[in-house]
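Since the structure comes first, as structure tokens, the remarks are kept for the end.
The values are calculated or read from the model by the stated rules, or taken from the named source; none is laboratory data. All values reported here derive from a predicted model rather than from experimental measurement. Counting neighbours? That spans all protein chains shown, and the Cβs are built from the backbone with ideal geometry, glycine included. Side chains included, ligands, DNA and RNA excluded: accessible areas come from the protein's heavy atoms. Shrake-Rupley method; radii C 1.70, N 1.55, O 1.52, S 1.80 Å.
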Amino acid sequence: MGKVIVVTSGKGGVGKTTSTAALGAALAQRNEKVVVVDFDVGLRNLDLVMGAERRVVYDLVNVIQGDAKLPQALIRDKRLETLFLLPASQTRDKDNLTPEGVEWVINELKRYFDWVICDSPAGIERGATLAMRHADVAVVVTNPEVSSVRDSDRIIGLLDSKTLKAERGERMEKHLLLTRYDAARAQRGDMLKVEDVLEILSIPLLGIIPESMDVLRASNLGAPVTLADARSAPALAYFEAARRLAGEIVPISMPEEKRGIFGKIFSRRAA
Amino acid sequence: MNIFRLFNKQRSAPLARERLQVLLAHERAASSCDLVSILREEILAVIAKHVQVDAERVHVKMDRSENMSILEIDVEIPLDPALQAA
Ligand SMILES: Nc1ncnc2c1ncn2[C@@H]1O[C@H](COP(=O)(O)OP(=O)(O)OP(=O)(O)O)[C@@H](O)[C@H]1O
Ligand SMILES: [Mg+2]
């Protein structure tokens with residue numbers, strides 16, 4: 001049976017879709033069977049980030065409503081044999097997702113895939129609670145910024161109360177993925193530090209993804225950043241996070257400050 | 001970068017951290033409030049069966065840490081044995 005992961009945040013635009021695609025591709029590159037599922041019904045984007053937007057025929061809502069069989073809706077990645085996408089519907093709204101339908105789809109996917117990665121919509125409403133409902137593990141995507149940290153705290157509360165695992169009295173495994181981290185700003189004291197966010201949210205750290213142009217470039221190309229440029233800083237950080245998800249013990253590498261020669265001289269003086 | 005700006009402006013991150021800590025302590029307390037008050041009533045009732053306690057001296061608190069939530073129950077029981085129920 002595969003593992004179900006929800007990538008969630010509360011706040012919008014913090015990097016859930018980017019992270020779902022990057023982690024999915026990183027795990028698939030380890031030859032594990034992966035499906036990424038877009039739960040953002042009405043505002044789907046995972047297809048674009050994965051570069052599969054022109055191949056979408058059927059979607060999650062079609063499958064739930066019985067208009068398509070599950071295998072018909074799955075899109076195999078052109079670059080990685082073991083990576084699949086189950087897209088969301090762009091035209092319907094999220095009321096078309098029924099709890100029973102979602103449960104059936106997730107249980108089917110678990111039988112065939114090693115990893116079922118659910119890209120949650122923003123917010124704390126129905127769409128987000130449905131996406132987290134069947135998760136075994138939650139990846140809480142957070143930016144080092146006050147409103148994102150606050151919303152992550154709300155989401156952690158929901159993960160501990162509204163999921164099947166929580167209702168059964170089991171412990172929900174939660175990991176913090178700190179994204180869009182700017183080491184230089186944190187160093188200057190203008191951005192929350194890794195330790196600050198960890199102390200406030202008190203869940204274990206899965207990885208630190210630096211703020212990087214490479215992420216934008218990858219989404220322009222329609223490839224997860226771990227495929228578009230596997231040696232870029234954000235890709236390396238996502239590979240590390242994926243290894244941790246898979247249970248390996250990997251020490252966290254702190255993002256380096258990117259400085260020109262000018263910055264180097266200056267910071268030495270300031271120190 | 002302007003060197004004067006660096007010395008004039010206070011670092012903002014420590015303030016952000018402090019504001020978050022205060023705010024989230026509040027919000028967490030509010031969201032676990034219902035559960036805590038139910039637990040408090042029931043715990044009080046059980047203890048009162050055996051020992052006489054002052055309702056004001058029973059403190060129930062919920063705290064979250066890395067791997068679990070911690071339920072802290074603090075009950076003051078009077079020393080005087082005469083006050084203990086049979
Ligand atoms: N590490 C990063 N560095 C630079 N830009 C990033 C990084 N991570 C994400 N972004 C950018 O931030 C924007 C939002 O990212 P993304 O769509 O992944 O967020 P989201 O949480 O899925 O948003 P929504 O809540 O709307 O679904 C995108 O333009 C993306 O390219
Ligand atoms: Mg998204």
Where B:R5 falls short, out of the listed (1) open to solvent by less than 70 Å² (accessible area, probe 1.4 Å); (2) within 14 Å of chain A (Cβ to nearest Cβ); (3) at pLDDT below 80; (4) in a helix (DSSP H, G or I): (1)
Which of the residues belonging to the range A:70-90 are assigned to a loop (DSSP other than H, G, I, E, B) and either of a type outside the set (S, T, N, Q) or within 16 Å of ligand 1 (Cβ to nearest atom) (or both)? A:L74, A:D77, A:K78, A:R79, A:L80, A:E81, A:P87, A:A88, A:S89, A:Q90
Taking the condition modelled with pLDDT of 90 or more and under 21 Å from A:G10 (Cα atoms), does A:E211 pass? yes
Single residue of A:D93, A:D67 found to be open to solvent by 10 Å² or more (accessible area, probe 1.4 Å), modelled with pLDDT under 95, away from chain B (no Cβ under 14 Å) and within 16 Å of ligand 1 (Cβ to nearest atom): A:D93
With respect to the numbered conditions (1) assigned to a loop (DSSP other than H, G, I, E, B); (2) at pLDDT 95 or above, which one is the sole condition not fulfilled by A:L43? (2)
Selection from the range A:26-51 of residues that are open to solvent by 10 Å² or more (accessible area, probe 1.4 Å) and touching a Gly at 6+ places or on another chain (Cβ under 6 Å): A:G51
Checked the range A:6-25 for anything within 8 Å of the chain's Cα centre (by Cα) and surrounded by 24 or more Cβ atoms within 10 Å (Cβ to Cβ); matches are A:V6, A:V7, A:T8, A:K16, A:T17, A:T18, A:S19, A:T20, A:A21, A:A22, A:L23
Of all residues in the range B:26-69, which are within 14 Å of chain A (Cβ to nearest Cβ), at pLDDT 80 or above and open to solvent by 60 Å² or more (accessible area, probe 1.4 Å)? B:H26, B:R28
Confirm whether A:G13 is small (G, A, S), farther than 24 Å from A:A230 by Cα and not in a helix (DSSP H, G or I). no
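Residues are listed down the side, and each one gets a yes or a no for (1) in contact with a Lys or Arg (Cβ under 7 Å, 6 or more places away or on another chain); (2) within 13 Å of ligand 1 (Cβ to nearest atom); (3) over 19 Å from A:G2 (Cα atoms):
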position	(1), (2), (3)
A:D114	yes, no, no
A:P121	no, yes, yes
A:E125	no, yes, yes
A:S148	yes, yes, yes
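Okay, residues lined up against (1) out of contact with any strand residue (DSSP E or B) (no Cβ under 6 Å at 6 or more places or on another chain); (2) farther than 18 Å from A:K16 by Cα:
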{"position": "A:C118", "(1), (2)": "no, no"}
{"position": "A:L130", "(1), (2)": "yes, no"}
{"position": "A:V141", "(1), (2)": "no, no"}
{"position": "A:S161", "(1), (2)": "yes, yes"}
{"position": "A:G169", "(1), (2)": "yes, yes"}
{"position": "A:Y181", "(1), (2)": "no, no"}
{"position": "A:R188", "(1), (2)": "yes, yes"}
Counting only residues that are out of contact with any strand residue (DSSP E or B) (no Cβ under 7 Å at 6 or more places or on another chain), more than 13 Å from A:M50 (Cα to Cα) and touching a residue at least 12 places away in the same chain (Cβ under 8 Å), which one in the range A:201-229 is nearest to the other protein chains (Cβ to nearest Cβ)? A:S212
Just to check your reading of the model, which residue among A:R76, A:R54 is open to solvent by 40 Å² or more (accessible area, probe 1.4 Å), more than 13 Å from ligand 2 (Cβ to nearest atom) and in contact with a strand residue (DSSP E or B) (Cβ under 6 Å, 6 or more places away or on another chain)? A:R76
Report, by residue number, each residue of the range A:182-200 that is touching a residue at least 24 places away in the same chain (Cβ under 8 Å) and either within 11 Å of chain B (Cβ to nearest Cβ) or not acidic (D, E) (or both). A:A183, A:A184, A:A186, A:Q187, A:M191, A:L192, A:K193, A:V194, A:D196, A:V197, A:I200
Within the range A:183-208, take every residue that is at pLDDT 95 or above and within 13 Å of ligand 1 (Cβ to nearest atom) and give me the one that is surrounded by the fewest Cβ atoms within 10 Å (Cβ to Cβ). A:I208
